Amino acid sequence: MLSETIRALQSYIRLTAAKFRETERIGPFLATYYLESSSPFLNYAIPDDGAVPAKDDVAALTEAFRKRGLVPRLEFLTEAVPAAEAVLVECGYTLERRVPLMICSPGQVVGQPEPAGISLVTPKTEGELRQMIRAQNVAFGEDDPDLHLDPSPDQLSGETLSVMAVAETGEVVGGGVATAILDGATEIAGIGVVEGYRSRGIAAAMTEYLTREAHARGGRSVFLTPGAGQAERVYGRVGFETAAECVHLSVV
């Protein structure tokens, strides 16, 4: 039986993926399209809980993405849709990666040392948010970090929590967000630090900052999916524990 935690998290992921995106219902899939970018990380589908997709459904989903010039791609919690991966692989999809989904509940967060020479600041103006987003773009290796700097409506309203790391020089060297809380759940995302400032505890400090703020606002299940390298260990130090697995699949 699907646990309530997994059900709630997959529901949250599905609802927030559709926010500010165009969506299309294709069989048991919700396809989401981010009109401002063709990045595969912003355009993907999520299957319904417990779905066992038919091959015709998968073919229709693949064609819908290709008609838009997008890479057909899916992201979902394996526990929520245990039969989907095998069908997708049989239809030609390949596994990109499996990533743990980690949760930090109230009372679990662990304090982190304050990074030397770094201030953690909540950006309050559009200009400050654009500086934060640019630092994130640099951290994630975007070809042109000055593209797509406009904050989302949720960031501008403060519904999405944001934090930026500011060096003594005034340079913004990192940033991250906690998405709008829905039914007690929120996702920590976009934690990035520019190369010259890494390995100083900035990512862990920003994660703690956002997690505490989210808990204070009523977030019961603060979750994230760590990237490659040492990210999982870093988030573990803050108090996050693995609760589920997220799978990413795509087809060329």
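The values are calculated or read from the model by the stated rules, or taken from the named source; none is laboratory data. Computed from a predicted structure; not experimentally measured. Don't worry about glycine lacking a Cβ; one is built from the backbone with ideal geometry, like all the others, and counts go over all protein chains shown.
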Query raised in the report: What number of residues in segment 84-112 are in contact (Cβ under 8 Å) with a residue 40 or more places away in the chain, within 30 Å of Ala205 (Cβ to Cβ) and of a type outside the set (Lys, Arg)?
Result: 14
Query raised in the report: Would you pick out the residues in segment 101-120 that are buried (at least 20 other Cβ atoms within 10 Å of the Cβ), of a type in the set (A, V, I, L, M) and over 22 Å from the mean Cα position of the chain (by Cα)?
Result: Ile118
Requested in this report: Please tell me if Arg66 is part of a helix (DSSP H, G or I), without any contact (Cβ under 8 Å) to a residue 60 or more places away in the chain and loosely packed, with under 15 Cβ neighbours inside 10 Å.
Outcome: yes
Report summary line: Given the conditions (1) assigned by TED's automatic domain parsing to the domain that holds Val238; (2) under 25 Å from Glu232 (Cβ atoms), every one holds for Gly111 apart from (1)
Report task. Collect the residues in segment 94-116 that are touching a Gly at 6+ places or on another chain (Cβ under 6 Å) and in a strand (DSSP E or B), keeping them in residue-number order. Result -> Cys104
Query raised in the report: Mind checking whether some residue in segment 182-205 is in contact with a Cys (Cβ under 9 Å, 6 or more places away or on another chain) and at pLDDT 95 or above?
Result: yes
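Results for (1) hydrophobic (A, V, I, L, M, F, W, C); (2) buried (at least 23 other Cβ atoms within 10 Å of the Cβ); (3) more than 18 Å from Met102 (Cβ to Cβ), shown as yes or no for each residue.
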position	(1), (2), (3)
Ser157	no, no, yes
Thr169	no, no, yes
Ala178	yes, yes, no
Thr186	no, yes, no
Val194	yes, no, yes
Arg198	no, no, yes
Tyr209	no, no, no
Arg217	no, no, yes
**Report entry** Only one of Val81, Val58 that is under 14 Å from Ser11 (Cα atoms) and in contact (Cβ under 8 Å) with a residue 24 or more places away in the chain
**Finding:** Val81
Requested in this report: Could you tell me whether any residue of segment 1-8 is of a type in the set (Val, Ile, Thr), outside any loop (DSSP other than H, G, I, E, B) and at pLDDT below 90?
Outcome: yes
Query - Filter result (touching a helix residue (DSSP H, G or I) at 6+ places or on another chain (Cβ under 9 Å), farther than 18 Å from Ala60 by Cβ and among the aliphatic types (A, V, I, L, M)) within segment 73-94 - result: Leu77, Ala80
Query - Some residue of segment 140-147 being buried (at least 19 other Cβ atoms within 10 Å of the Cβ), in a loop (DSSP other than H, G, I, E, B), of a type outside the set (Gly, Ala, Ser) and on the phi < 0 side of the Ramachandran plot - result: no
Query raised in the report: Can you tell me which residue in segment 1-29 is farthest from Pro145 (Cα to Cα), limited to those that are over 17 Å from the mean Cα position of the chain (by Cα) and among the hydrophobic types (A, V, I, L, M, F, W, C)?
Result: Met1
Query - Flag if Glu195 is over 22 Å from Gly141 (Cβ atoms) and among the acidic types (Asp, Glu) - result: no
Report task. Filter segment 118-150 down to residues that are of a type outside the set (A, V, I, L, M) and in contact with a Ser or Thr (Cβ under 8 Å, 6 or more places away or on another chain) and give me whichever is farthest from Met206 (Cα to Cα). Result -> His148
